[in-house]
Structures are given as structure tokens and as C-alpha cells.
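Novice: The structure's right below; bear with me while I get my questions together.
The values are calculated or read from the model by the stated rules, or taken from the named source; none is laboratory data. Everything numeric in this text was worked out from a predicted model, so none of it was measured. Using ideal geometry, Cβ is built from the backbone for each residue, glycine included, and neighbour counts are taken over all protein chains shown. Areas reflect the complete protein model, heavy atoms only, side chains present, ligands, DNA and RNA absent. Shrake-Rupley method; radii C 1.70, N 1.55, O 1.52, S 1.80 Å.
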Amino acid sequence: MSHLASILVVEDSDDHVFLLRHAFQRAGILNPIQVANSGEDAVAYLAGTGRYSDWKEFPLPSIMLLDLKLPGLDGIDVLRWIRNQPGLKALRVAMLTSSNLDVEINSAYEAGANVFLTKPIEFDKLVEMIRVVRAHWLEFAQAPMVSRPPYTAEVNHP
């Protein structure tokens, strides 16, 4: 069996994580799913520091699904941090959020999001969205090479 690249979900709601995991299963995604529950956890995960220092257990993801509204560092802050890291700036980042406000959509794209996805209310529509993510990002699109940045404790806030 070939190695399956991991997916990093950055989401603070346990209920949303549960639904996403279930949608991944229904969509036939076998890739390992890693979860970070805050912006700070996402940065630590990507930097491979703290509780994420075991790089075999917490490998860099092929794609990151990033919530917009997170405790502490929000999704835009995390995205800006990623795009400022030479080894990570090519990481594929999909904003996956409940928002559909134009100002938030534009902010995400301006910060470097690859795509902005609004979580559907109906579970079947969420499964279909995840199937599209699987087909596009995991089956057809080629993943860029990414590497962990040198450790820096600072994340610049806007």
C-alpha cells in the first residue's frame, strides 16, 4: 500500500471535527487526518515544535483545511504566518469555514488561501464537498514540496 499524505484540519469545534471525520469516511478518504484545535496549535504543528515535535507522528500535511474563526490566532493570522515561511509558503491551504461574507472571503484570498469553502449545513452536501476536495487536491493536483521552518516563537499579528 502506498503512503498516504496526511491532511491537517484546524478546527476548534469538536462537533465540526466529528462531522468532518465522518464526511471524510463517507467520501472514501483514507489519508490520515491530523487535528489542531487553535491557531497556535496549527503553527506548532507546522513548525514541528512542542507536543508536535515527533515529525513521524505529525508529518507535514499535503493539504490543510483551516477554519477562519479560531481562539487566539485566527485563520488569517495562521495563513499569513504560513505564507511568510520559506519552506511552507507553497503549502496548499483551503479555508473551510461557516462564513460566506465577502470581506472574509477577500481577506482569505489576499492572505494566500488556495480556496475558500463555506461549510454546507446539510451533511450530504458536506460529503460531496469533501469528495471534490479529494478528487482535486488528493488525486489530480500535484502537491508542492514543503519543509518545516526554522523555529520561531513569533507570529506577527495584524
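Novice: Would you mind telling me which residue in V146, V78, V93 has the biggest mean-square fluctuation in a Gaussian network model of the chain, where springs connect alpha carbons within a distance under 10 angstrom?
Specialist: Residue with maximal mean-square fluctuation among V146, V78, V93: V146.
Novice: Which three lengths, in whole Å and largest first, does the range 72-122 cover when its Cα atoms are put on their principal axes?
Specialist: 37, 20, 18
Novice: Compare D12, D124, D41 in a GNM of the chain, Cα atoms joined below 10 Å, and give the one with the largest fluctuation.
Specialist: D124
Novice: Under a 5 Å amide H to amide H cut-off, with H placed in plane at 1.01 Å, what residues pair with V9 once short-range neighbours are removed?
Specialist: Q34, V35, A36, L65
Novice: Right, something else. Could you give the nm distance between label points at E122 and S13, where each point is 7 Å from its Cα heading toward the beta carbon?
Specialist: My value for the distance between the label points is 1.8 nm.
Novice: Just the number please: accessible area per residue for the chain, 1.4 Å probe, all protein chains included, in Å².
Specialist: I get 53 Å² per residue for the chain.
Novice: For a quick check of understanding: with a 1.4 angstrom probe and all protein chains in place, what accessible area in square angstrom does D54 have, to the nearest ten?
Specialist: My reading of the accessible area for D54 is about 70 Å².
Novice: Computing the accessible area with a 1.4 Å probe over protein heavy atoms, can you report the carbon and sulfur percentage for the range 1-89?
Specialist: Accessible surface attributable to carbon and sulfur in the range 1-89 totals 54 percent.
Novice: How about the range 13-113: which trypsin sites (Lys or Arg not before Pro) there are in a DSSP loop, with at most 10 other Cβ atoms within 10 Å of their Cβ?
Specialist: Values: sites: R21, R26, R51, K56, K69, R80, R83, K89, R92; in loops: K56, K69, K89.
In loop regions of the range 13-113 (DSSP not H, G, I, E or B), the sparsely surrounded trypsin sites (Lys or Arg not before Pro) are K56.
Novice: What is the magnitude of the charge dipole of the range 18-101 about its Cα centre, with +1 placed on the Cβ of each Lys and Arg, -1 on the Cβ of each Asp and Glu, and no other charges, expressed in debye to the nearest 20?
Specialist: 260 debye
Novice: Have a look at M64, M145, M129 and tell me which one the Gaussian network model of the chain (Cα, springs below 10 Å) gives the largest fluctuation.
Specialist: Largest GNM mean-square fluctuation: M145.
Novice: Dipole size in debye (nearest 20) for the chain around its Cα centre, Lys and Arg Cβ +1, Asp and Glu Cβ -1?
Specialist: 560 debye
Novice: A further question follows. Using only the heavy atoms of the protein chains and a 1.4 Å probe, how would L46, L4 rank by accessible area, largest first?
Specialist: Values: L46 0, L4 55 Å².
Greatest to least solvent exposure: L4, L46.
Novice: Rounded to the nearest 20 Debye, what is the dipole magnitude of the range 58-131 about its Cα centre when Lys and Arg each give +1 and Asp and Glu each give -1 at the C-beta?
Specialist: Result for the range 58-131 is approximately 300 debye, rounded to the nearest 20.
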